[in-house]
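What follows is a short report on a single structure.
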Amino acid sequence: MKYRILVVEDDKDIAEVIRLYLENEGYEVMWAGDGAAGYELTQKEKINLAVVDIMLPKMNGYDLVKKVREQSNIPLLILSAKNLDSDKILGLDLGADDYMTKPFNPLELVARVKSNIRRYYSLGSRQEDEEKPGSIWKVGELVLDEDSVTLTKNGEQIVITPTEYKMLSLFMKSPGKVFTKQQIYQEVNGECYVNDDNTLMVHISNLRDKIEDNPREPKYIKNIRGIGYKIEKISDER
């Protein structure tokens, strides 16, 4: 399958560099020079992943990510000159799966596109397999269904991003087991990057907001200081 990547970038030179590197890896690339055009393409075309700048005309990248995430679960990678932690946290909070800053190494961008594609679409490929015992994982009120790639709590579906799904799947398959940050990086991305620490904390925070009754006193996802994270062993209380 030839994956189609949408690049939403108003700088034509940067967009051209990205296109050349991605096409060299066998991807089909579409380009939009502003946020509104980028959003329109996500509605009209089959897009497998989008690389999105933040400072865009007509619709900024934050609004684009938010609007796309309301309707689609495709991987979204922000590529921006905005390099403050608050910028990254906002982008991830709105639903982006990854965040890179400019200036950037095109080879790292390609690696991140590959890891996001692999992470998201390897999940989908499992739906074609024969049903296997253990494809539904339960911890307390949470139920993770690998066949439908859904998460429910007390029977109500919770919308999570592909990154959050992969992370929660790792935890729920081994309740009580502590995973180091490096193990989580490897499971979620396939690679480790030096700036992933803040990204991981944002994803954990977002997951807690979605699954915990009180995110400030988490019942499920616990931080093991200096080591990593785990999900508690909790029986279904219903």
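The values are calculated or read from the model by the stated rules, or taken from the named source; none is laboratory data. Because the structure is a prediction, the values reported are computed rather than measured. Positions of Cβ are backbone-derived with ideal geometry, glycine not excepted, and every protein chain shown enters the neighbour counts.
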Quick check on my filter: what residues within region 183-232 are modelled with pLDDT of 85 or more and of a type in the set (Lys, Arg)? Arg208, Lys210, Arg216, Lys219, Lys222, Lys230
Go through region 42-65 and give me each residue that's surrounded by fewer than 17 Cβ atoms within 10 Å (Cβ to Cβ) and either outside the structural domain of Val113 (by TED's automatic domain parsing) or part of a helix (DSSP H, G or I) (or both). Gln43, Lys44, Asp63
Name the pairs: first residue in region 203-229 and closer than 17 Å to Glu156 by Cα and part of a strand (DSSP E or B), second residue at pLDDT 90 or above and not charged (D, E, K, R), Cβ to Cβ under 8 Å, at least 6 apart or on different chains? none
Just a yes or no: is a residue in region 10-26 exposed (fewer than 14 other Cβ atoms within 10 Å of the Cβ), among the hydroxyl-bearing types (Ser, Thr, Tyr) and not assigned by TED's automatic domain parsing to the domain that holds Tyr165? no
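Within region 94-119, restricting attention to residues that are among the β-branched types (Val, Ile, Thr) and in a helix (DSSP H, G or I), which residue is nearest to Gly61 (Cα to Cα)?
Step one: of region 94-119, the residues among the β-branched types (Val, Ile, Thr) are 101, 110, 113, 117.
Subset that is in a helix (DSSP H, G or I): 110, 113, 117.
Values: Val110: 20, Val113: 18, Ile117: 20 Å.
Only one residue fits best here, namely Val113.
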Being touching a strand residue (DSSP E or B) at 6+ places or on another chain (Cβ under 6 Å) and closer than 21 Å to Tyr120 by Cα is true for just one of Val68, Val8. Which residue is that? Val8
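So which of Gly91, Gly134, Gly124 is at pLDDT below 90, part of a loop (DSSP other than H, G, I, E, B) and of a type in the set (Gly, Ala, Ser)?
The unique qualifying residue is Gly134.
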Within region 71-85, restricting to residues that are modelled with pLDDT of 85 or more and not in a loop (DSSP other than H, G, I, E, B), the one that is surrounded by the most Cβ atoms within 10 Å (Cβ to Cβ) is Leu76
